[in-house]
Amino acid sequence: MTIGALSAAASGLSFQDTKVRVISNNIANMNTASFKRASAIAVDQDYQTYQGVGSPTSAEGTINPTGTQVGMGVKTAGVVRSMEQGDIEITDNPLDVMIQGEGYFNIELPTGEIGYTRDGRFQLNAERQLVTMSGYKAKPDLTLPANTTSLDINKEGQIYAQIQGSPNAVLVGQLELSVFASPGSLDPMGDNLFKENIAAGSPTTGVAGTAGFGTIVQFAVESSNVKPVVELTALIEAQRAYAMNTKTMNAVEQMDQNLQSLMR
Amino acid sequence: MDSPAYLAAQHMSIARNNIQILANNLANASTSGFQADRPLVAEFEPKKNFMDSLSFAVNNENFRDTTPGEITHTGNILDVAIATKDVYFSVQNSKGENLYTRNGQLELNEERQLVQGSSKLPLSDTNKSPITIPAGMNDIKIAGDGTISANGKMVAKIGVFKFANSQSLVKQGNTLMKASTEPTTPDKVALVQRGYEASNVNPVLALAQMIELQREDSQDAFVIETYKEQSGQQIDDLLKPLNV
């Protein structure tokens with residue numbers, strides 16, 4: 001029987017280990033723009049029933065109101081991200097845009113698939129197209145005219161370029177956003193990019209400022225939403241839980257010794 | 001059966017069952033919606049007359065602690081916690097059975113049904129039907145009574161249920177429980193969006209229970225050891241006059 005208690009404690013150690021790994025990744029990305037903190041989710045494992053609910057307790061028909069169920073421990077159900085908005089960081093780069101509220105920028109990946117990101121630190125490539133830090137093109141293609149002197153991006157994500165020698169700004173295009181029913185479930189690909197999957201739901205594409213979509217802020221970057229205090233608290237919690245499960249193992253070992261002493 | 005050694009042995013056997021229950025509680029100290037199990041030890045055959053000085057201990061019941069766990073804020077729109085004691089969400093499995101849970105970390109599946117995150121089973125509304133969020137509606141708000149609105153339009157109402165005897169719910173793993181009786185609708189319920197209910201395991205209490213169990217077990221072993229020595233001594237004493 002004690003083997004069950006030992007494996008329950010071992011499952012606890014294993015979950016806390018996963019938790020610590022997720023926390024350390026959060027802390028490592030404390031300064032990564034648009035990073036969303038993740039947390040490991042635990043669920044209880046199966047149960048063994050030793051005495052069923054409703055089993056008879058006498059010949060007179062009285063029944064057991066609760067029964068005995070013994071659990072086998074814990075397992076990791078998954079890792080979910082907190083979609084809380086990160087703090088706003090003001091920059092002097094006209095191509096730094098931030099989404100205030102819901103939504104992701106659509107990015108064309110080299111494979112032809114679409115990736116999604118909240119990291120709006122755009123740059124220009126050799127063809128003067130808007131690209132991410134990794135050089136992937138924004139979707140739709142946004143090409144800035146040559147001789148652009150200044151750039152205005154409004155709340156709706158419309159990009160206006162002021163061209164040298166021209167009195168009026170030219171509308172270059174509009175940034176497109178995608179929203180997901182469950183953005184916390186998107187698959188992270190690294191480089192601040194995400195891929196859609198079943199759990200996140202299919203994307204709804206639209207423009208900033210309309211119902212269900214956030215708005216665009218120019219000259220701004222969304223900071224990581226990792227809060228060091230929260231992570232450190234979680235780390236201490238995990239460390240304690242780890243120690244507790246070790247204590248279970250000690251208690252079981254002591255009980256095993258009690259039995260062994262009787263066999264001498 | 002008047003031997004205290006047998007009683008101690010029986011108690012040691014129960015302790016081996018109960019240590020696993022406590023181990024499972026501690027292992028699930030971080031499991032959202034988890035409710036701790038408390039082993040109950042009872043007398044097996046109550047004494048019928050004064051000559052029966054002893055009675056066995058048995059453990060044929062666990063008691064599930066239904067104290068609500070603390071609500072942890074996540075900011076995720078699909079995280080819902082129940083702030084009311086002893087009421088449950090319902091999900092339906094592929095066999096059409098209703099299962100119950102306090103774990104309200106929700107997701108949307110590809111049919112845009114609201115599913116409970118850990119089991120991926122559809123969450124039930126007040127009529128025990130699945131809840132579908134129409135395409136294009138992502139601004140989901142969940143009111144305190146469970147009313148879901150998306151993009152300002154009411155979509156459904158999350159069903160919450162209570163039981164005459166909630167101890168009859170049987171744990172299935174994945175923070176789900178099975179009921180043997182039909183539930184009713186509670187008069188009052190308070191749901192909290194953007195948070196989940198943390199495990200109600202109190203690690204300090206669990207640790208104290210474990211230390212107590214371990215001590216009792218050492219005492220039981222001591223009782224058996226003493227009995228072994230005494231009975232051996234008695235036999236030696238009896239045999240002495242015979243010079244064997």
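The values are calculated or read from the model by the stated rules, or taken from the named source; none is laboratory data. Fair warning: this is a prediction, and the values are worked out from it, not measured in the lab. Quick reminder, even Gly has a Cβ in these numbers, built from the backbone with ideal geometry, and neighbours come from all protein chains shown.
General remarks:
- Among the candidates B:189, B:170, residue that is among the β-branched types (Val, Ile, Thr) and in contact (Cβ under 8 Å) with a residue 24 or more places away in the chain: B:189
- Scan segment A:106-120 for residues that are among the polar types (S, T, N, Q) and loosely packed, with under 11 Cβ neighbours inside 10 Å and the total you get is 1.
- Residue within segment A:23-34 that is in a helix (DSSP H, G or I), within 14 Å of chain B (Cβ to nearest Cβ) and surrounded by 19 or more Cβ atoms within 10 Å (Cβ to Cβ) present: yes
- Some residue of segment A:241-264 being closer than 30 Å to residue A:17 by Cα, without any contact (Cβ under 8 Å) to a residue 12 or more places away in the chain, among the acidic types (Asp, Glu) and out of contact with any strand residue (DSSP E or B) (no Cβ under 7 Å at 6 or more places or on another chain): yes
- Single match in B:71, B:77, B:19, B:14 (criterion: more than 7 Å from chain A (Cβ to nearest Cβ) and at pLDDT 90 or above): B:71
- Residues that are in a loop (DSSP other than H, G, I, E, B), free of Cβ contacts under 8 Å to residues at least 40 places away in the same chain and of a type outside the set (Ser, Thr, Tyr) were ranked within segment A:96-118; the one that is farthest from the other protein chains (Cβ to nearest Cβ) is A:110.
- The set of residues in segment B:178-218 being part of a strand (DSSP E or B) and at the interface with chain A (Cβ under 10 Å from one of its Cβ atoms) consists of B:178, B:196.
- Test result for residue A:80, modelled with pLDDT of 95 or more, within 25 Å of residue A:215 (Cα to Cα), in a strand (DSSP E or B) and in contact with a strand residue (DSSP E or B) (Cβ under 8 Å, 6 or more places away or on another chain): no
- Selection of segment A:188-220 for residues being assigned to a strand (DSSP E or B), crowded, with 16+ Cβ neighbours inside 10 Å and in contact with a Gly (Cβ under 7 Å, 6 or more places away or on another chain) yields A:193, A:194, A:204, A:215, A:216.
- Contact annotation: residue pairs with Cβ atoms under 7 Å, 6 or more positions apart or on different chains, pairing a residue in segment A:194-214 that is over 17 Å from residue A:107 (Cβ atoms) with a partner that is among the basic types (Lys, Arg) and surrounded by fewer than 21 Cβ atoms within 10 Å (Cβ to Cβ), are A:201/B:112; A:209/A:155.
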